[in-house]
Amino acid sequence: MRASAIQAWFVVHKWTSLVCTLFMLLLCVTGLPLIFAHEIDHLLERSIDPPEVAQGPGPADVDAIVADAQARRPDDVVQFLVRDPDEPDLWFVRLGATATAEEPTAFYFYDARDGSFLHEYPVGEGVMNVLFRLHVDMFAGLPGTLFLGLMGLLMAAAIVSGAVLYAPYMKKLRFGTVRRSRSPRLKWLDLHNLTGIVTMVWLLAVGITGVINTLAIPIFGQWQATQLAEMAAPHMGEGPAGDPGSAARAVRAALEAAPDMRLSFMAFPGTGYSTDRHFVAMMQGTDPLTSKLLEPLLIDGRTGEILERRTLPWYVSTLLLSQPLHFGDYGGMPLKVLWALLDLMAIVVLGSGVYLWLKRRHVTFEAWLQSVQGEAPAQEEARKAA
Amino acid sequence: MRAQTTKEIWAMPALLAALSVVGLTVALVADGLGDVLSWIALAVPVGVGTWCAFRPEDRR
């Protein structure tokens, strides 16, 4: 590569990194405990496991669960009934101040065997919530989320330009060399390049899936405005939007219509994921890949009739597959531990990058190129000593 | 040390990148053995990076 080309990539790497690094450090540091959010929630008793019982009286009445949840917060609206494939003995009920509210006001746990109320998740409370909000939107709502997405794109550019610079840098260095005994700057330069190249694919994957996740609200908004509207259109004239019928009947109808699938969550009428008079059951598959995807069923809760059924468009499926690839929650505890180790290495990449920038701000490009290509950086060392 | 060819420079990074891709995807499409393969594939870049960062300096 010509020196001028290397210099151009160097400038790209420097500036994309400079702009995004502090935010990426924030995301890596807050993301570390979030990898283990499920375990930490159980440890802190923010979440609970269903009690051990010999044999329940059979599946609980979903309508009774919904009524109980509604009675606990009479001014709020039941938004979603949620299931977790790992917790088949639990039903979760999410309520909001309004049907379309982005933030829940309550998240209740119910026993799926006898319908009893078990637990309330502390929505919007605690250190974990602070970490989550810092990670997702820095307490700035959708603009904050989109801003972090932009920073993620810059990080992707920084990774690509960093990888391009790796080759000229390693020209005279064996893979993995760390020149420990020269200067701290050289040591950290070597460590920056080593940890950078080792985490490259993982950080790109987590970065790009993170960027896709920042688009969740616009992505679902697009689906609501197009496909969901199309699904709903033929059925909006069917009677007044009064009593939407029975959630339990809608759940039964969904499971009968898709016997080889599981319910992921059911959106109540008016939530934006449904119509103002119908339920939408989001069904998920049972094998590893299809369990990450969803299939919406539009259901009349008064008759239990399945009105529409269609697969989600590619852009929603892309978002749904981006979630596990960002969270690292699809391969058990060992995968989470690897996620944490790679995250720690990413922190080293970012931290050493800041350190190197602080150290070499005043070094000319030529001196830098010479030093990275393994030539004896005598001049530079002399200048530093002076 | 003599200058390395592009192939020599990229041999190890390309191997680690390929293992990372395998590690990221296999557990997504298969449980059980797929999870184990993912752990092994992703553990290699983590292990290589950690080993190189902490081993004593090669003074050749």
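Scanning region A:94-105 for any residue that is open to solvent by 40 Å² or more (accessible area, probe 1.4 Å), more than 27 Å from residue A:328 (Cα to Cα) and small (Gly, Ala, Ser) turns up at least one such residue. Taken over region A:17-58, the criterion of being β-branched (Val, Ile, Thr) and closer than 26 Å to residue A:337 by Cβ is satisfied by A:21, A:29, A:30, A:35, A:40, A:48. Please find, within region A:67-79, the residue that is farthest from residue A:109 (Cα to Cα) out of those that are open to solvent by 20 Å² or more (accessible area, probe 1.4 Å) and either in contact (Cβ under 8 Å) with a residue 40 or more places away in the chain or part of a helix (DSSP H, G or I) (or both). Across region A:67-79, the extreme among qualifying residues is A:77. Residues satisfying the criterion are absent from region A:168-187 (criterion: within 24 Å of residue A:322 (Cβ to Cβ), buried (at least 17 other Cβ atoms within 10 Å of the Cβ) and out of contact with any Ser or Thr (no Cβ under 8 Å at 6 or more places or on another chain)). Among the residues of region A:39-62, write down those that are surrounded by 16 or more Cβ atoms within 10 Å (Cβ to Cβ) and either in a helix (DSSP H, G or I) or under 16 Å from the mean Cα position of the chain (by Cα) (or both). Residues satisfying the conditions are A:40, A:41, A:62. Being open to solvent by less than 30 Å² (accessible area, probe 1.4 Å) and either out of contact with any Gly (no Cβ under 9 Å at 6 or more places or on another chain) or in contact (Cβ under 8 Å) with a residue 12 or more places away in the chain (or both) is a description that applies to residue B:9. With respect to the conditions (1) over 18 Å from the mean Cα position of the chain (by Cα); (2) within 14 Å of another protein chain (Cβ to nearest Cβ); (3) at pLDDT 95 or above, residue A:287 lacks only one, and its number is (3). Scanning region A:214-240 for residues that are within 30 Å of residue A:165 (Cβ to Cβ) and open to solvent by less than 30 Å² (accessible area, probe 1.4 Å) yields one hit, A:214. Of all residues in region A:76-106, which are among the aliphatic types (A, V, I, L, M) and touching an Asp or Glu at 6+ places or on another chain (Cβ under 8 Å)? A:90, A:95, A:97, A:106, listed by residue number. Test of understanding: among B:18, B:41, which residue is in contact with a Gly (Cβ under 7 Å, 6 or more places away or on another chain) and either within 16 Å of residue A:328 (Cβ to Cβ) or more than 8 Å from chain A (Cβ to nearest Cβ) (or both)? So the residue among B:18, B:41 that is in contact with a Gly (Cβ under 7 Å, 6 or more places away or on another chain) and either within 16 Å of residue A:328 (Cβ to Cβ) or more than 8 Å from chain A (Cβ to nearest Cβ) (or both) is B:41.
Taking residue A:346, is it assigned by TED's automatic domain parsing to the domain that holds residue A:20, without any contact (Cβ under 8 Å) to a residue 60 or more places away in the chain and either small (Gly, Ala, Ser) or crowded, with 17+ Cβ neighbours inside 10 Å (or both)? So residue A:346 does not fit the description; no.
The values are calculated or read from the model by the stated rules, or taken from the named source; none is laboratory data. Please read these numbers as outputs of a predicted model, since none were measured by experiment. Here Cβ is always computed from backbone atoms with ideal geometry, including for glycine, and neighbour counts include all displayed protein chains. Surface areas here come from the heavy atoms of the whole protein model, side chains and all, with no ligands, DNA or RNA. Shrake-Rupley method; radii C 1.70, N 1.55, O 1.52, S 1.80 Å.
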